[in-house]
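Reviewing the structure listed below.
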Amino acid sequence: MATNDKAPPAAAKAEAETGPGRRRFLKTAGLAGLGAAAGLAVPFHRNLPHGFFPAAMASENGLAGKEGLTLLNDRPLNAETPPELLDDPVTPTARHFIRNNGLPPDDTSAEGWTLTVDGFAESPLELSIAGLRDRFEVVTLALALECGGNGRAFFDPPASGNQWTYGAVACSEWTGVRLRDVLEAAGVQDNVVYTAHYGADTHLSGDTDKLPISRGLPIDKALTDSVLIAFQMNGADLHPMNGAPLRLVVPGWPGSCSQKWLTRIELRDQVHDGPKMTGTSYRVPAYPVAPGDDVPKEDFRIIERMPVKSLITFPANGAASGMETEVRGHAWSGDRTVDRLDISHDFGASWQAAELDPPANDGAWQNWRATVRFPVAGYYEIWARATDSEGEMQRFAIDWNPKGYLNNRMHRVGLRVS
Ligand SMILES: Nc1nc2c(c(=O)[nH]1)N[C@H]1C(S)=C(S)[C@@H](COP(=O)(O)O)O[C@H]1N2
Ligand SMILES: [Mo]
């Protein structure tokens, strides 16, 4: 993990002056640069812990180029998108949520970036981003990405972690090469069962021996068509907080599988054991548990596909409406398609089928719309309920689990109709 080490300032500076280590130099130069950006010197900048921005600028920093996101945490940076800002069929980069476990690399330029593919590979690869483009077919796909903890805020008893409500989900258009093509070029040996993903971000502690997160995929999933190694989103460079210059995009599985700032993929003969792969991270009990139950660690299983879910993106919760309104949103179900989307405006007594589009491609969410007519003025709620190709349907209940994952309960918005 050579891109993950960090030399003390003096050494980094000396190295930068003699040639290599440009990335490291930028890391230390960053703080002085921030002072310059503020128009003031930061006299004690050497004492500011690694990864701290001046507090007055903290949210501005990572959120540059983002629009309307709700900041949940600024170290690490975590920000979600209000549902009404997710109305576009394809999510603009400015509205794609951010979920960081550690501190992003300072230098996210494509120049000099390399991806290593090693482990149980017949012919290990080391490729530049230009090399990836030249050697493999470049494809563009709309791919839905949802954090495993989206909806955690509604758990009772509460689950610790980022209190995501609805907005840790997005479906942007990603351009890159298929992970499958790259792994096949590296030669997947017969004993390979799992991948391991490594990125260039650093642990919150600043300890370079620790990684913030390193997860992986069963090899069968890694070899499916819609898993991309992406270098563009929505026709432009990746946003620095969304993994520039290179990341994985694994649609339909917890967002944590989609390693950002990707530097290395290892082929393994056993399930990966990196940070946030083990213990209770991104795992749920193997059987239903009652809210608040203590579950022994060994009874947790790794989360694979994300469950059936939908979002109402118009109208906004609390909006005023006339006697008739269009209602619209998105629906998705990991590794499956959504077959029906029903809405109710009478608290579930009756349901009306919405017009539901097929996905733009495998791994994309599906857009839906309906027209609702209200009988008289007053307060109403619109509820949306998706049913997928295996007959799995959303409910209002939560399958409570200790870490607050996989909340797919129905979304509802209140309307004042006059
Ligand atoms: N290197 C790295 N990759 C990462 C993460 C991270 O902290 N570091 N967070 C993961 C998690 S938990 C999620 S939900 C997605 C979020 O992607 P986004 O920030 O582009 O929305 O990135 C994943 N990839
Ligand atoms: Mo996540």
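Every number here is computed from the coordinates shown, using simple stated rules; none is lab data. Note that this is a predicted model, so its numbers are computed, not measured. Here the Cβ positions follow ideal geometry from the backbone for every residue, glycine too, while neighbour counts run over all protein chains shown.
Student exercise: in the chain, how many lysine pairs 8 or more apart or on different chains have Cα atoms under 16 Å apart? Provide the component values of the computation, followed by the final result.
Values: K6/K27; K6/K210; K13/K27; K210/K276; K260/K276; K276/K297; K276/K403; K297/K403.
Lysine pair count for the chain: 8.
Convert 37 °C to kelvin, take the viscosity as 0.692 mPa s, use the Kirkwood radius over C-alpha pairs of the chain as Rh, and evaluate the Stokes-Einstein diffusion coefficient in µm²/s, rounded to a whole number.
145 µm²/s
Mind giving me the nanometre distance, one decimal, between the label points for N361 and E122, set 7 Å out from Cα along Cα→Cβ?
My value for the distance between the label points is 2.7 nm.
Using the Cα centre of the chain as origin and beta-carbon charges of +1 (Lys, Arg) and -1 (Asp, Glu), tell me which of S123, P104, F396 is placed farthest towards the positive end of the dipole.
Towards the positive end, the residue furthest out is P104.
Full extension from F154 to D220: what is 0.36 nm times the residue separation minus their Cα-Cα distance, to one decimal in nm?
20.5 nm
Sticking with the crude label model, points 7 Å out along Cα→Cβ, report the distance from N47 to Q189 in nm, one decimal please.
With each label placed 7 Å out from Cα toward Cβ, I get 5.2 nm.
For the pair V376 and R305, how long in nm is the line joining their label points, each one 7 Å along Cα→Cβ?
For V376 paired with R305, the spin-label model returns 4.5 nm.
Can you give the charge dipole size of the chain about its Cα centre, rounded to the nearest 20 debye, using +1 on the beta carbon of Lys and Arg and -1 on the beta carbon of Asp and Glu?
It works out to roughly 940 debye.
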